[in-house]
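The values are calculated or read from the model by the stated rules, or taken from the named source; none is laboratory data. Predicted, not measured: the structure shown is a model, and the values here were computed from it. A quick note on method: Cβ atoms are made from the backbone with ideal geometry, for glycine too, and the neighbour counts reach across all protein chains shown.
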Amino acid sequence: MRWIVLALMFFAYVINYADKAIIGYAADPLMKELGLNSAQWGMVGSSFYWLFAIAALLGGTWSDRIGTSKMIVVLLLAWTVLQSGSYAIMTLPMLILYRLLLGALEGPFGPVVMSHAAKWFPPEKRGIAFAVIVSGASVGGIISAPILVAMIEKYGWRLTFALLGVVSLVLAFVWLFVDRKNKNHPSNQIALSKVKKLRWADISPVLRNPACFLTLALAFSAFWLSTWLLIWLPLYLTKVLHLEPMIMAYAVAGSGVAATVMVLVLSSFSDHLYKMSKSDFKSRVLVSGIVTLIGGFSLAFMPVFDSFIWIFVALCLAKTSSYSIATVGPQILIKLMPERAGFMTSIYSFITNIASIVAPVITGILVQAAGNNFVLGFHYSFYVIVGLFLVTGILFLVFVRPDQPSKDIPLQVKSV
């Protein structure tokens, strides 16, 4: 049954990504219909993240109280209502309100799903499980683009938004049906006596543990890269490497597919190491740390070689390192405080979303600072990412020991 649940989480992640991405595919008809200029459209794009990080922190923590399964159903139904309400969007303020609420209701999804997966999969199987879930975003990006663009052109953006809501509703009913078959599973049984109100005295030792704050630092670096790839990579490929738009699209999609396959293989290997050694350091820290350094060095050489083949390989390695961190980070944090998995993964989501907010701004400043030398500006942005990857990757390998939590962490928190 756990694999059916995993498949549902994967499809929920695909829908989650499509809900985020559809606004970009509908940009042209939306801007024309509502009479929006570029500055106003930029505000629409930004509004999605205004409450995202805070909602992730609050929603992930709340899921520890009501249960992750119930929380996922609540989120799916909320997406249905919001997407179906697209017919009410007639002005810029309504469009911004829609994106603001969608961001707030999608923020908790990542930490809640990771927490839910941890209840269904033992530590020796979490690597591949988390990798499958994370791959839902990359697969969603690959398959949703042509489908959503075709639907917007044929049916219009409002109906396409509403149909996405219908898909969320269908998945919510399927989820409820599967839930009824597993009502005695731990994911549906909340032991309130164990889920105590969070106190700073309990949280502080966990946050001070190098396994916590260095894992968060590594995740910050990974999502800095992920945001750069999402926002700036197409511009780099077309303006710096002078690729045709379709070749650029194939390069982005192809590197995403290759990275997804590689991270699934790496996660399976990591699970095998854990099964053999029962060590999170050997199976999680070493694997993801080494992959991070490889990704950082591959990016460092991108400005040196003009060969498109090398750049494509470097992109594959860089994306693999980012995806690998996204699968390992939550596992390490959950191990530090397993009875509050939702809270720990919500901290992870909060930090990574700060990276998603900061990265495009810093990159824009660096590119602008280079003046007319557009290429140099992008090279500056590369070396910021390389520095983040190498510094956090080395510190992660040297100091993170999740098998040996800090002595001041309460005993009940140490157990997995």
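Taking the stated definitions as given, is Leu411 modelled with pLDDT of 85 or more and either in the same structural domain as Ser46 (by TED's automatic domain parsing) or not aromatic (Phe, Trp, Tyr) (or both)? The answer is no for Leu411. Checked against (1) modelled with pLDDT of 90 or more; (2) under 22 Å from Val263 (Cα atoms); (3) of a type outside the set (Ser, Thr, Tyr), Ala355 passes all but condition (1).
Of the residues in the range 115-126, at least one is of a type outside the set (Lys, Arg) and without any contact (Cβ under 8 Å) to a residue 40 or more places away in the chain.
Note on the range 355-377: among residues that are under 24 Å from the mean Cα position of the chain (by Cα) and within 20 Å of Ala300 (Cβ to Cβ), the one that is surrounded by the most Cβ atoms within 10 Å (Cβ to Cβ) is Ala359. Only one of the numbered conditions (1) touching a residue at least 12 places away in the same chain (Cβ under 8 Å); (2) surrounded by fewer than 18 Cβ atoms within 10 Å (Cβ to Cβ); (3) not polar (S, T, N, Q) is violated by Pro93, and that is (1).
Mind checking which residues of the range 101-119 are crowded, with 24+ Cβ neighbours inside 10 Å, of a type in the set (Gly, Ala, Ser) and under 29 Å from Ala88 (Cβ atoms)? Gly107, Gly110 - these are the residues of the range 101-119 that are crowded, with 24+ Cβ neighbours inside 10 Å, of a type in the set (Gly, Ala, Ser) and under 29 Å from Ala88 (Cβ atoms). Scanning the range 321-365 for residues that are among the small types (Gly, Ala, Ser) and either touching a strand residue (DSSP E or B) at 6+ places or on another chain (Cβ under 8 Å) or over 19 Å from Val134 (Cβ atoms) (or both) gives a single hit, Gly364. Residue pairs whose Cβ atoms lie under 8 Å apart, sitting 6 or more positions apart in sequence or on different chains, and linking a residue in the range 241-259 that is surrounded by 18 or more Cβ atoms within 10 Å (Cβ to Cβ) to a partner that is part of a loop (DSSP other than H, G, I, E, B), are Ala251/Leu243. Looking only at the range 279-305, filter to residues that are touching a residue at least 60 places away in the same chain (Cβ under 8 Å) and not in a helix (DSSP H, G or I); which one of those is nearest to Val375 (Cα to Cα)? Only one residue tops the list, namely Pro303. Among the residues examined, Tyr348 does not qualify as more than 15 Å from the chain's Cα centre (by Cα), assigned to a helix (DSSP H, G or I) and not assigned by TED's automatic domain parsing to the domain that holds Lys20. Of the helices (runs of 4 or more DSSP H) that lie entirely inside the range 23-106, those containing 2 or more residues that are closer than 26 Å to Ile147 by Cα span 27-34, 38-47, 68-84, 92-106. Residue count for the range 282-313, restricted to those that are surrounded by fewer than 21 Cβ atoms within 10 Å (Cβ to Cβ), small (Gly, Ala, Ser) and either closer than 22 Å to Ala219 by Cα or not assigned by TED's automatic domain parsing to the domain that holds Tyr383 (or both): 1.
With respect to Val166, is the statement that it is in the same structural domain as Leu8 (by TED's automatic domain parsing), surrounded by fewer than 16 Cβ atoms within 10 Å (Cβ to Cβ) and either modelled with pLDDT under 85 or outside any helix (DSSP H, G or I) (or both) true? The answer is no for Val166.
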